[in-house]
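Okay, so here's the structure we're looking at.
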Amino acid sequence: MADMESLKNSIIKGDQNTAKAITAQALQEGMSPETILNNGLIAGMNVIGAAFKKNEVYVPEVLIAARAMKMAMEVLAPKLVEAGVKPIANVVVGTVQGDLHDIGKNLVVMMLKGAGFNVIDIGTDVSPDKFVDAVKKNDAKLAGLSALLTTTMPMMDKTVAAFKAAKMPTKIMIGGAPVTDEYAKKIGAAGYAPDAASAVDVAKSLLGV
Ligand code: B1M
């Protein structure tokens, strides 16, 4: 019988073949897609996220775990849709205008997906208007802004201002190497996360989930 502890461990180890095989077996045995998602895949990503936060694992381990999750999700996603399992919330994530750095942003995307959010990744060099449009189009409650350059940090301020000008109640979470909690408060962003794992905690707390 498919064992969720083994599925969780396959995600932690980044063993994509085992993750995919156990997911397929669990579905075949009639386990609910939601149980597989929560007790196997998300449980594994939670462990990786906590270890990443404590510097017990590093970027490569997170990428490998996320790849294993992605493979398993290819099998699981159609069944989740059939079962009507809803993601926690829609979240739009991008790197601000003028900034092409996306490695950290991609990690944030992976961790949010791993935690059960539906993430709309709008890439790099994203203008304030494009952020606003993407949030409107996807009815997102949260926008995540990444910046790696001190010269592009002011675009976060401009993006927050664009949401305010559009009178949108969207919560905005910011992050990236030069960004600080103090800066988030200064520009009126709702939250700041220092790393990808914390981004999940901050996102959940901002959305009250
Ligand atoms: Co650039 N670069 N770079 N670069 N680059 C830095 C950032 C820099 C610190 C290097 C240096 O000088 N020591 C420096 C910035 C200086 C500053 O502004 N203070 C710099 C510079 C100057 C530049 C250029 C201007 C260089 C030039 O052309 N003269 C240029 C700018 C291009 C542009 O964006 N317009 C440039 C270009 C590039 C490359 C294209 C070559 C490449 C990017 C490739 C890519 O991303 N696809 C690159 C890289 C790789 C770096 C370094 C080496 C690594 C960045 C990285 O990926 N880190 C970087 C130096 C360094 O950091 N050692 C540097 C790993 C990543 C996992 O961490 O992105 O911090 P990070 O993400 C973390 C957290 O910050 C947080 O979670 C992540 C995971 O824990 N986080 C969030 C990030 N976003 C978040 C969002 C959240 C929450 C948390 O909520 C939404």
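Test of understanding: among 156, 173, which residue is in a helix (DSSP H, G or I) and either within 14 Å of residue 122 (Cβ to Cβ) or within 10 Å of the ligand (Cβ to nearest atom) (or both)?
Numbers: 173 fails: in a helix (DSSP H, G or I).
Criteria check complete, one pass: 156.
If we keep just the residues of the range 52-69 that are within 13 Å of the ligand (Cβ to nearest atom) and in contact (Cβ under 8 Å) with a residue 12 or more places away in the chain, which is farthest from residue 17 (Cα to Cα)?
Taking the range 52-69 and keeping what is within 13 Å of the ligand (Cβ to nearest atom), we get 52-55, 57-63, 66.
In the following step, the residues that additionally are in contact (Cβ under 8 Å) with a residue 12 or more places away in the chain were identified as 52-53, 59, 61-63, 66.
On the way: 52: 23, 53: 26, 59: 21, 61: 16, 62: 17, 63: 15, 66: 13 Å.
Only one residue tops the list, namely 53.
Given the criteria surrounded by 16 or more Cβ atoms within 10 Å (Cβ to Cβ), of a type in the set (A, V, I, L, M, F, W, C), in the same structural domain as residue 137 (by TED's automatic domain parsing) and within 17 Å of the chain's Cα centre (by Cα), does residue 199 qualify? Break it down into steps so the answer makes sense when it comes.
On the way: surrounded by 16 or more Cβ atoms within 10 Å (Cβ to Cβ): yes; of a type in the set (A, V, I, L, M, F, W, C): yes; in the same structural domain as residue 137 (by TED's automatic domain parsing): yes; within 17 Å of the chain's Cα centre (by Cα): yes.
When the stated conditions are applied, residue 199 passes them.
Please give the number of the condition residue 58 fails out of (1) farther than 14 Å from residue 107 by Cα; (2) over 16 Å from the mean Cα position of the chain (by Cα).
Of everything listed in (1) farther than 14 Å from residue 107 by Cα; (2) over 16 Å from the mean Cα position of the chain (by Cα), residue 58 misses just condition (1).
Anything in the range 49-88 that is under 30 Å from residue 29 (Cβ atoms) and outside any helix (DSSP H, G or I)? List them, or say none.
Result: 84, 85, 86, 87, 88.
Counting only residues that are at pLDDT below 90 and within 17 Å of residue 141 (Cα to Cα), how many does the range 88-112 have?
The qualifying residues number 0.
It is to be established whether one or more residues within the range 119-141 are near the ligand (Cβ under 7 Å from one of its atoms) and buried (at least 19 other Cβ atoms within 10 Å of the Cβ).
Residues of the range 119-141 near the ligand (Cβ under 7 Å from one of its atoms): none.
The answer is no, given that none of the residues of the range 119-141 is near the ligand (Cβ under 7 Å from one of its atoms) and buried (at least 19 other Cβ atoms within 10 Å of the Cβ).
The values are calculated or read from the model by the stated rules, or taken from the named source; none is laboratory data. Predicted model, so just to flag it, every value in this text is computed and none were measured. Cβ: placed from backbone, ideal geometry, glycine included. Neighbour counts: every protein chain shown.
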